[in-house]
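Worksheet: one structure, shown below.
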Amino acid sequence: MENTNKKKKGRTKKAGKKVKIIPLGGLEQIGMNITAFEYDDSIMVVDCGLAFPSDDMLGIDLVIPDITYLKDNYLKVKGFCITHGHEDHIGALPYILKQLNVPVYGTRLTCALIEKKLKEHQIDDTAKLNIVKYGDTVGLGDFKVEFVKTNHSIADAASLAIFTPAGTIFHTGDFKVDYTPVFGDPADLGRMAEIGKAGCLAMLSDSTNATRAGFTMSERTVGKTFDLIFAEHRDSRIIVATFASNVDRVQQIINTAYKYDRKVVVEGRSMVNVIGTAAELGYIDIPEGTLIDIDHLKDYPQEKTVIITTGSQGESMAALSRMASSIHRKVEIVPEDVVIMSSTPIPGNEKAVSKVINELSMKGAEVIFQDTHVSGHACQEEIKLMYSLLKPKFALPVHGEYRHLMAGKCLAEAVGIPSENVLIMSSGDVVELSEDSCKIAGHVEAGGVFVDGLGVGDVGNIVLRDRQSLSQNGIIIVAMSLEHGTNRLLSGPDIVSRGFVYVRESTDLMNEASAVVREAVADCLHARITDWSKIKNVVRDSLSEFLWKRMKRNPVILPIIMEIH
């Protein structure tokens with residue numbers, strides 16, 4: 001009897017309490033993961049990642065989330081909890097902490113990788129980084145957050161159990177279920193089952209691989225493939241391209257190289273950074289004398305060396321791309337080389353990866369990409385396992401494009417969660433979650449802020465549109481001098497063109513364009529138009545109409561007027 005009373009009390013304690021879930025990024029795309037959880041005067045944020053620019057973002061280096069909502073509620077923000085150390089989860093922190101300096105919590109390797117970034121941005125002294133162990137609970141205002149051990153393609157990944165006044169929310173982070181990880185322990189499925197037994201209100205599940213059937217293979221299976229490749233190619237230098245952050249993959253390459261008595265070179269800035277940090281913390285074990293500096297590569301026979309490099313996604317400035325296009329200063333691809341592509345192209349990168357593979361093949365290298373990679377994300381059966389362990393009342397698929405989220409929704413329904421209890425969110429949605437309901441109750445400003453060089457947010461859609469227009473149509477500059485007071489044309493118009501036509505071969509066109517501009521200025525004079533901005537508009541419109549009729553092209557036209565006294 002006492003038990004039911006307790007249950008009733010517990011129910012009334014939580015009844016009517018609403019917690020808000022606000023994804024500010026990471027939905028409808030791969031990358032830029034950041035989600036805010038809010039209750040009364042407390043906001044805690046999970047992850048703070050960046051996205052890499054798409055092809056139409058000309059000149060943009062990276063994209064970070066718009067945190068206007070967090071800045072508007074600055075006093076409520078209690079801290080960031082970071083699930084793991086990948087760029088799409090930590091990359092925006094240096095930019096965001098400059099605007100919003102709140103505590104950051106993460107596991108050991110995650111914090112070490114964040115600290116390296118903060119040092120580059122010279123804010124490591126002011127930032128408040130806190131290392132958390134698995135099983136530890138962090139108090140953030142009205143929230144308590146427990147870090148639960150999970151597996152991913154980087155060590156020290158965590159799922160988060162977020163205890164709120166409305167109930168427990170479980171955030172899987174990026175995860176897979178690996179029973180035989182290369183480093184550390186398997187995921188703590190026992191603790192997840194306990195959280196499920198105690199009652200889980202909602203689960204936010206990684207959906208990146210929700211379209212793939214079955215289970216994700218263990219990271220160790222790649223080690224076996226490496227062993228076979230090394231055994232078959234004893235007379236060739238081996239170059240392995242993989243993600244810099246995949247420490248377990250690098251460990252397996254080093255183990256295999258050591259077994260076959262080869263020296264290892266680590267090449268690529270991000271690779272050197274991550275491996276250096278992992279080695280300092282003991283997350284990677286490099287046998288004495290195995291690692292050599294790239295400058296000593298020439299001191300060893302080629303067949304006794306292995307190069308581990310960045311560039312598995314075809315990035316133009318990464319080490320492998322530079323080797324493929326013969327602009328790498330220290331490594332030249334030779335016909336005997338064997339190149340292992342140890343990753344799958346991220347959606348959108350397929351063309352760039354194909355280009356690098358073709359360039360390597362033209363140089364006579366053998367390129368291997370079968371069975372040399374396993375994903376760090378859960379396939380359908382592991383996602384179902386999560387739902388079975390946690391038994392959440394509500395399901396909110398996260399991390400992925402729309403098709404991935406839809407597949408995640410189908411999986412939740414397949415394990416028995418009613419369709420009305422599965423919600424697909426969009427970035428900026430405000431989801432209200434209570435014991436009895438889960439619905440979208442509003443929308444806040446969310447989206448991407450462009451980083452270009454040292455400028456953050458100074459390039460917007462208008463500037464991008466101009467860049468696209470310039471890249472597609474070129475530019476024409478019209479310079480002329482007008483007399484002060486009378487606006488009579490004294491000299492010009494001089495027409496300069498870039499990216500439109502080759503001027504030397506288009507003399508007739510340029511002469512006709514000059515005549516059109518002269519006529520437009522004369523019309524303004526005749527109509528007694530003295531306002532320069534109006535004169536510029538008339539010139540722009542007349543020239544634009546002429547060029548369209550003549551060439552069916554629409555260049556950017558920039559009139560410049562100088563006044564002569």
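The numbers here are math on the coordinates, done by the rules we state, and not lab data. Just so we're clear, the structure is a prediction, and the values are computed from it rather than from any experiment. Every residue, glycine among them, receives a Cβ derived from its backbone with ideal geometry; neighbour counts consider all protein chains shown.
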- Go ahead and run the numbers for FRET between GLU445 and ASP371, Cβ-Cβ distance against an R0 of 45 Å, rounding to 0.05. 0.50
- Message: Along the Cα→Cβ direction, 7 angstrom out, place labels at ILE529 and LEU490. What is the inter-label distance in nm?
- Response: 2.2 nm
- Query: Cross-link partners among lysines for LYS549, C-alpha distance below 22 Å, same-chain residues fewer than 8 apart left out?
  - Reply: LYS536
- Task: Add +1 for every Lys or Arg and -1 for every Asp or Glu among the other residues with Cβ under 15 Å from the Cβ of THR137, and state the total.
- Result: 0
- Using a 10 Å cut-off on Cβ atoms, rank the peptides 314-323, 550-559 from the highest mean neighbour count down. 314-323, 550-559
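Where Lys and Arg each count +1 and Asp and Glu each count -1, what net charge lies around ASP88 among other residues with Cβ under 12 Å from its Cβ?
Computed value for this residue: -4.
Using R₀ = 41 Å, calculate the FRET efficiency as 1/(1 + (r/R₀)^6) where r is the Cβ-Cβ separation of ILE123 and PHE215; round to 0.05.
Numbers: r = 41 Å, r/R0 = 1.00.
Rounded to the nearest 0.05, the efficiency is 0.50.
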- In degrees rounded to 10, the 0-90 angle between helix 247-259 Cα long axis and the longest Cα principal axis of the chain is 80 degrees
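Please give me the summed charge of the neighbours of ALA318: other residues whose Cβ is under 11 Å from its Cβ, Lys and Arg +1, Asp and Glu -1.
The answer is 0.
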- Task: Report the full-extension gain for the segment ASP235 to ASN73: residue separation times 0.36 nm, less the Cα-Cα distance, to one decimal in nm.
- Result: 52.1 nm
- Those residues of region 298-316 whose amide nitrogen sits under 16 Å from the label point placed on ARG329, 7 Å along Cα→Cβ: 298
- Note on the structure: For region 287-423, the charge dipole (Cβ of Lys, Arg +1; Cβ of Asp, Glu -1; about the Cα centre) points to a positive end, and the Cα of PRO397, SER342, MET386 closest to that extreme belongs to PRO397
- If you count the DSSP beta bridges with both ends in the chain, what percent of them are antiparallel, to the nearest 5? 50 percent
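If the only charges are +1 at each Lys and Arg Cβ and -1 at each Asp and Glu Cβ, what is the size of the charge dipole of the chain around the Cα centre, to the nearest 20 debye? Show your work: numbers first, answer last.
Details: 63 positive and 73 negative charges, 261 e Å.
The calculated dipole for the chain is roughly 1260 debye.
Can you tell me how much longer the chain between THR180 and GLU519 gets when fully stretched, taken as 0.36 nm per residue apart minus their C-alpha distance, in nm with one decimal?
Working: separation 339, 0.36 × 339 = 122.04 nm, distance 7.89 nm.
Additional length available on full extension: 114.1 nm.
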- How many nm separate the modelled label positions at GLU512 and GLU28, each set 7 Å beyond the Cα in the direction of the Cβ? 4.4 nm
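Evaluate region 184-227: find the radius of gyration of its Cα atoms, find its Kirkwood radius, and give the ratio Rg to Rh. All intermediate terms of the calculation are to be shown ahead of the outcome.
Details: Rg = 15.0 Å, Rh = 13.7 Å.
Looking at region 184-227, the ratio lands at 1.10.
Grab the Cα-Cα distance for SER419 and MET317, subtract it from 0.36 nm times how many residues apart they are, and report the gain in nm with one decimal. All intermediate terms of the calculation are to be shown ahead of the outcome.
Working: separation 102, 0.36 × 102 = 36.72 nm, distance 4.58 nm.
Taking 0.36 nm per residue and subtracting the Cα distance, the gain is 32.1 nm.
With a cut-off of at most 16 other beta carbons within 10 Å, and DSSP calling the residue loop, which trypsin sites (Lys or Arg not before Pro) in region 54-102 qualify? Please list them. Working shown, then result.
Working: sites: LYS71, LYS76, LYS78, LYS98; in loops: LYS98.
Within region 54-102, the qualifying trypsin sites (Lys or Arg not before Pro) (loop, at most 16 other Cβ atoms within 10 Å) are LYS98.
Please return the longest range in the chain lying between exposed loop sites, taking chymotrypsin sites (Phe, Trp or Tyr not before Pro), DSSP loop only, at most 12 other beta-carbon atoms within 10 Å, and leaving the sites out.
Working: sites that count: TYR179, TYR502.
That would be 180-501.
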- Given the C-alpha centroids of region 40-109 and region 515-553, what is the distance between them in whole angstrom? 48 Å
- With r defined as the distance between the Cβ atoms of LYS549 and GLU483 and R0 fixed at 35 Å, what FRET efficiency is calculated, to the nearest 0.05? 0.70
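At 222 nm, what value in deg cm²/dmol follows for the chain if DSSP H runs of at least 4 each add -39500 (n - 2.57) and the sum is divided by all its residues, to the nearest 500?
Values: 16 runs with 185 residues, N = 565.
Here the helix-only value at 222 nm equals -10000 deg cm²/dmol.
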- Message: Relative contact order of the chain, please, whole-number percent, based on alpha carbon pairs below 8 angstrom and at least 6 residues apart.
- Response: 16 percent
